[in-house]
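Read through the structure below, which is laid out as structure tokens, and then see the notes.
Bear in mind these aren't lab numbers, they're just calculated from the coordinates by the rules spelled out. These numbers were taken from a predicted model, which means no experiment stands behind them. All Cβ positions, even for glycine, are placed from backbone atoms using ideal geometry, and neighbour counts span all protein chains on display.
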Amino acid sequence: MNEANIFLQNLSDTLLCPATNISLSVLRLDVIDPVISGNKWFKLKYNLAAAKQQGFERIVTFGGAHSNHLIATAAAAKKSGFQSTGIVRGWHGATQETPTLKACREFGMILHFVSREDYARKTNPEFQQQILAQTGPAFIIPEGGQNEFGRKGAGEIARFIPANATHVCVSVGSGATFSGLRNALPGYQFLLGFAPFKKGEAILDSLRPLIQATDNYNITGDYHFGGFAKLNEMLKQFMQQAEKEALLPLDRVYTAKMFWGIRDLIAKGFFPPGSRIVGIHTGGLQGNGFT
């Protein structure tokens, strides 16, 4: 992946920043690759390196029928010379194949569908051994890349954040990027996570043990728009305006909700005057293709 393509785009004079005394920029991680984009690459890079170092030929990972992590892993595995297997949450994807799952197959990923009850056991060692009994020897990457390798890679995103930034905003899924970033960012930069699912702020309870240094962070669950991957007409129009007026394509699952939330919090006075905000574009634009 070409990390040299990453750039900072100023959004201060667009509809996304309704205040003249605040600076807003977006870190364009989405330009790394059309599929292995955004934070996905950073969470995968050290996992793939570890798999290669340990002599594995197959990657096993987990995700839903619309998972950006699943398709990014399928593409990255193929590019890196690995075979791949995806454990997919729920049976519906087996009969109603989504564009994401179709693309995973095209990248050579073998898909195994499991019930939601079994999927909930994805971190259980006994369940993982059952999977490996079917796939053969494989390196397991947790859902969303949430392990020490994923957090290490996500922490590298911090080097693209300007030193004068006061606030860093990022979408939250598994929490690997959020926790990795908090461990890597300077303590004076406030990290605000936007969870696009109901009661998303509760994920902090599981992330706190992974965060080493500071309490200068929080996660809001106020901008889920009805639940994970839910999209209403208002958010759809916001995405269209962002692309037209700011030349900023947003994905419907994560970044659109985050930038809506940033704009709303700016309007409500959450950010003090003089704040310099950086919102991280975590990619995932392929997710706009599903209905």
Under 11 Å, Cβ to Cβ, from SER23 - net charge with Lys/Arg +1 and Asp/Glu -1: 0
Segment 146-223: trypsin sites (Lys or Arg not before Pro) in DSSP loop, at most 16 other beta carbons within 10 Å: LYS198, LYS199
Size of electric dipole in the chain: Cβ of Lys, Arg +1 and of Asp, Glu -1, about Cα centre, debye, nearest 20: 200
Gap separating the Cα centres of segment 224-239 and segment 127-193, nearest whole Å: 25
Farthest positive-ward along the chain dipole, Cα basis, beta-carbon charges - from GLY283, ASN5, ASN124: ASN124
Pairs from LYS52/LYS152; LYS102/LYS122; LYS102/LYS152 whose Cα-Cα separation, in the structure shown, is over 26 Å: LYS102/LYS152
Simple spin-label estimate for SER12 and ALA94 in nanometres, 7 Å along Cα-Cβ: 5.5
ARG208-THR20 pseudo-label distance in nm [points 7 Å out on the Cα-to-Cβ vector]: 4.3
Segment 39-145 - Rg over Rh from alpha carbon coordinates, Kirkwood radius: 0.93
Nearest-20 debye value, segment 128-280 charge dipole, Cβ charges on Lys, Arg, Asp, Glu: 120
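Taking R0 as 35 Å, what FRET efficiency do you get between GLU3 and THR123 from their Cβ-Cβ distance, rounded to the nearest 0.05?
That pair, GLU3 with THR123, gives E of 0.70.
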Positive-end residue of VAL60, LEU48, ALA133, charge dipole of segment 39-145 with Cβ unit charges: LEU48
For the chain, with +1 on Lys and Arg beta carbons and -1 on Asp and Glu, the positive-most of TRP91, ASN164, PHE178 along the dipole: TRP91
